[in-house]
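See below for the structure under consideration.
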Amino acid sequence: MSSSNSVTVQILDKEYSIICPQEERSNLVSAARYLDGKMREIRSSGKVIGADRIAVMAALNITHDLLHKQERPDAQVSGSTREQVRDLLERVDLVLATDSDTSKADS
């Protein structure tokens, strides 16, 4: 692959060059920033020393958060998301009702 597919990210003051598709670059950069933030939080706590250990603790914390959200899917749905789903359901009901009325008129 060419170097144009390479993205350089910085995590805990160290640069990493990663090859990724153009359309995934912003996601990769966001993920790297998120990881960097988590690792900095752990490092600043002073309880964990060493980049490897900090990385493992960050990975464990991120994985725990992800699994916890999967166990409680209702908790991760925000109020605005619920409103959007409700709005879409109302639209579907309206279309189905309209379609049903049209089918009856054609009979």
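Below is a table of values for the structure above.
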{"quantity": "Gain in span if fully extended, Ser30 to Asn5, counting 0.36 nm per residue against the direct Cα distance", "calculated": "7.3 nm"}
{"quantity": "Percent carbon-and-sulfur accessible area, region 1-47, ignoring ligands, DNA and RNA, probe 1.4 Å", "calculated": "49 percent"}
{"quantity": "Modelled FRET efficiency - R0 35 Å, Thr81 with Ile19, Cβ distances, 0.05 increments", "calculated": "0.55"}
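The values are calculated or read from the model by the stated rules, or taken from the named source; none is laboratory data. These numbers come from a predicted model, not from an experiment. Note that we place each Cβ from the backbone using ideal geometry, even for glycine, and neighbour counts take in every protein chain shown. Only protein heavy atoms, including side chains, enter the accessible area calculation; ligands, DNA and RNA are left aside. Shrake-Rupley method; radii C 1.70, N 1.55, O 1.52, S 1.80 Å.
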